[in-house]
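One structure is given below, encoded as structure tokens.
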Amino acid sequence: MKRIVMLYAVLAGNLPCMPAQEINMIYTAEWQLNFQKKMNVCNLLRLDANIPALKGGEVNAATIHLYKTKTERITGDWQVFSNIEEDNLYAGIAVLGYTQRIGNTQLFLGIRNLNEDYFIAPGMSLFSNSSCGIFPTISANYPIANYPLSGICIDYKIHLNHWLIQSSIYGGKAYNGWNRHNNPFIINLRDNGIFSITESNYGTDYGRYFMGFALHNRMHLCYEDAKQKVLEKEEKKVSFAWWAYLEQTLWRIKKREINLLAQYSQSYHITDGCTRYMEIGSTYKQYDNPEKAYHLGVSVQYAGYTYGTEVSTEMTYRKHFGTAFFIQPAFHLARNKYGWHSTLSVRLSCMINFSPRE
């Protein structure tokens, strides 16, 4: 899941200036309609708390709560046009752990979700297609800690001027339940293997660029829309994926700008899933008044799966009302071997900050 409200300063090149204590809530509702008159409403509530601990330390916690009116999806696109739509979940852990900052580095240990740290850029955060979050060359191939799943994680970051270099190690399978065999505290390296991910980010006022790679060492053959297959004498297999992203400002004047987005990713040693993904898009932003800012965006995605290819496009508009509320309609169109899939969505999001005033 892409974060609905993103702090651009996280990737600006310096450590973010965190408040002494931060508690907030983000509620997002999305109305969906396909042109066969099928309709759905998805709701996402996220609660966050960041509480200072030892010098340079912080306790982090976040939960997610999901509900949609129809249990089945209303369209047959493979990439999933909505990045908040998932099965109903009354409460799931997105983050629960401890962060220690020392100089320009920080280390996190605990439960975490990949969406907290990776594949983050201002342009991508505008779009609601799931492929504009964790690329499908990763999210469609492994049962990793991708929204709404989480898992035990060691995450390390170092900030060097305009650079942010980060690396994480997760268990090879993630969870979101609360019972003995399905909870994010499970560690089973023998069967689930290890998932490691590394990304280098470079950001300036006029561009954002990142490259990364991931390795997954697993016993299970897991992939999207398929059951787990475990052979009696199956050996662990190592699969590899890499990606690159570019976001470049083409024109800017008086807090109005046009940006170009481009991304490419490829995965290897995948028996069933997504092996190649690419996207190109553009955004227009007008933000001279933050309380009345608006954004326009169009993007086209190509995803190559072992069972076929899909091309999709999204056209979207986001209008802010104040600094904590926005409305965002979007039109999605996808084509795969099962035909055309068109969907209209309207998203509303509101953030409430409960942090005590200093």
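The values are calculated or read from the model by the stated rules, or taken from the named source; none is laboratory data. A quick note: this is a predicted structure, and the numbers were derived from the prediction, not measured. A quick note on method: Cβ atoms are made from the backbone with ideal geometry, for glycine too, and the neighbour counts reach across all protein chains shown.
Quick notes
- Residue 31 hydrophobic (A, V, I, L, M, F, W, C), at pLDDT 95 or above and outside any strand (DSSP E or B): no
- Where a residue in the stretch 193-217 is of a type in the set (Gly, Ala, Ser) and at pLDDT 95 or above and its partner, wherever it lies, is surrounded by 15 or more Cβ atoms within 10 Å (Cβ to Cβ) and not in a strand (DSSP E or B), with Cβ under 8 Å and at least six apart: 212/118; 214/138
- Residue that is modelled with the lowest pLDDT [pool: residues in the stretch 221-267 that are polar (S, T, N, Q) and closer than 30 Å to residue 203 by Cα]: 239
- Residue within the stretch 123-144 that is modelled with pLDDT of 95 or more, more than 20 Å from residue 44 (Cβ to Cβ) and surrounded by fewer than 23 Cβ atoms within 10 Å (Cβ to Cβ) present: no
- Failed item in (1) surrounded by fewer than 22 Cβ atoms within 10 Å (Cβ to Cβ); (2) over 30 Å from residue 341 (Cβ atoms); (3) touching a strand residue (DSSP E or B) at 6+ places or on another chain (Cβ under 7 Å); (4) not polar (S, T, N, Q), with residue 112 passing the rest: (1)
- Pairs are defined by a Cβ separation below 7 Å, a sequence spacing of at least 6 or placement on different chains, a first member in the stretch 131-143 that is touching a residue at least 60 places away in the same chain (Cβ under 8 Å) and farther than 20 Å from residue 189 by Cα, and a second member that is assigned to a loop (DSSP other than H, G, I, E, B) and of a type in the set (A, V, I, L, M); the pairs so defined are 133/1.
- Every residue from the stretch 295-308 that is loosely packed, with under 15 Cβ neighbours inside 10 Å and out of contact with any Gly (no Cβ under 7 Å at 6 or more places or on another chain): 307, 308
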